[in-house]
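In what follows, a single structure is set out as structure tokens and then discussed.
Every number in this text was worked out from the coordinates using simple rules, so none of it is lab data. Just so we're clear, the structure is a prediction, and the values are computed from it rather than from any experiment. Cβ coordinates were reconstructed from backbone atoms using ideal geometry, including for glycine residues, and neighbour counts include every protein chain displayed.
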Amino acid sequence: MPVSASDGPRVSIVIPAYEEGDGVIAPLERILEAVQLAAEVMVVVDSPDDSTVPVVEKIAGSDDRVQVVVNTYGRGPAWAIRYGIDRASAPVVVVTMADGSDDPRQIDELCRLVERGAVVAAASRYAPGGQQVGGPMLKTAMSRTAGRSLHFFARIGTRDATNSFKAYNRDFVRSVGIHSDTGFEIGLELTAKAKRLGLPVVEIPTIWLERHAGVSNFKVWSWIPRYLRWYRFAFGRKLTVESMREALSSDRKPNA
């Protein structure tokens with residue numbers, strides 16, 4: 001599934017945000033400083049009244065790569081990410097967080113890996129050279145266990161399938177669709193789908209730093225069943241896109 005060149009941006013950066021306010025300034029400025037490839041940067045919110053909106057609009061006034069868009073699919077990070085990917089104009093989409101926990105210097109590298117043929121390029125906290133600094137112990141233990149077991153037993157291509165900081169071939173995502181509607185499990189879903197289709201998933205080590213401002217919106221207990229669904233899905237025979245669509249056809253679709 002090759003990535004074709006165009007005169008537009010090479011990478012669309014999708015950033016789901018919820019009531020970040022001024023807290024989004026430093027992470028967004030680091031992204032704009034670090035990314036050297038032609039890019040569009042979409043900060044996706046659920047409501048025009050979100051405190052993130054005026055802050056991002058001010059930054060967009062001085063940098064035309066930036067835009068704030070209001071998600072119309074549904075509330076929550078999964079719908080925001082889905083909306084952003086659907087609006088992406090570049091052939092490569094990178095999803096990263098608004099809290100500054102991800103390393104924006106790796107966005108270009110992740111994009112280039114997709115341009116070379118990967119359909120998913122993951123920034124991995126658990127690859128050799130990777131690290132996670134801070135964060136709830138339970139959440140860390142679960143994601144580490146899930147990532148390493150999927151890597152070892154399912155041969156999924158990354159040790160950190162649950163991390164949201166990933167680059168995707170846009171056409172791959174649109175061909176398989178996104179079925180997650182809660183939380184941040186889209187990263188695991190798309191990695192599991194790529195594995196079941198026999199498509200390349202690669203990883204690079206990353207250092208993840210716990211946010212220093214605001215409150216995380218990660219809801220461990222309510223989202224565990226969703227993650228388990230895609231964890232189990234990663235195991236199984238190779239599928240075609242058609243057979244995958246049929247198997248998942250009863251899932252909820254976007255409402256716009």
message: What aspartates and glutamates does LYS166 reach when the alpha-carbon gap must be under 17 Å and sequence neighbours fewer than 8 apart in one chain are set aside?
response: GLU40, ASP86, ASP99, ASP102, ASP103, ASP108, GLU109, GLU115, GLU185, GLU189, GLU203
- request: For helix 186-197, report the angle its Cα long axis makes with the longest principal axis of the Cα atoms of the chain; keep it between 0 and 90° and round to the nearest 10°.
  value: 40
field: Degrees between helix 25-34 axis and first principal axis of the chain (Cα, 0 to 90, nearest 10)
entry: 70
- request: Only bridges with both residues in the chain count here: give the DSSP antiparallel percent, nearest 5.
  value: 25
query: Which order results if SER51, SER249 are arranged by neighbouring Cβ count within 10 Å, fewest first?
result: SER249, SER51
- prompt: Given 0.36 nm per residue, what is the gain on full extension from ARG232 to ILE207 after removing their alpha carbon distance, in nm?
  reply: 6.3 nm
message: So, R0 is 41 Å and r is the distance between the beta-carbons of ASP171 and ASP22; what FRET efficiency does that work out to, to 0.05?
response: 0.65
Estimated D of the chain in µm² per second, where Rh is the Kirkwood radius over Cα pairs and Stokes-Einstein applies at 25 °C, 0.890 mPa s: 135
- prompt: In a Debye calculation with equal point scatterers on the alpha-carbon sites of the stretch 134-194 and no solvent, what is log10 I(q)/I(0) at q = 0.12, 0.20 Å⁻¹?
  reply: -0.31, -0.80
field: Pairs of alpha carbons in the stretch 1-104 whose separation is greater than 25 Å (percent)
entry: 13
query: Length gain on complete extension for the stretch GLU109 to SER149, per 0.36 nm per residue less the alpha carbon to alpha carbon distance?
result: 11.8 nm
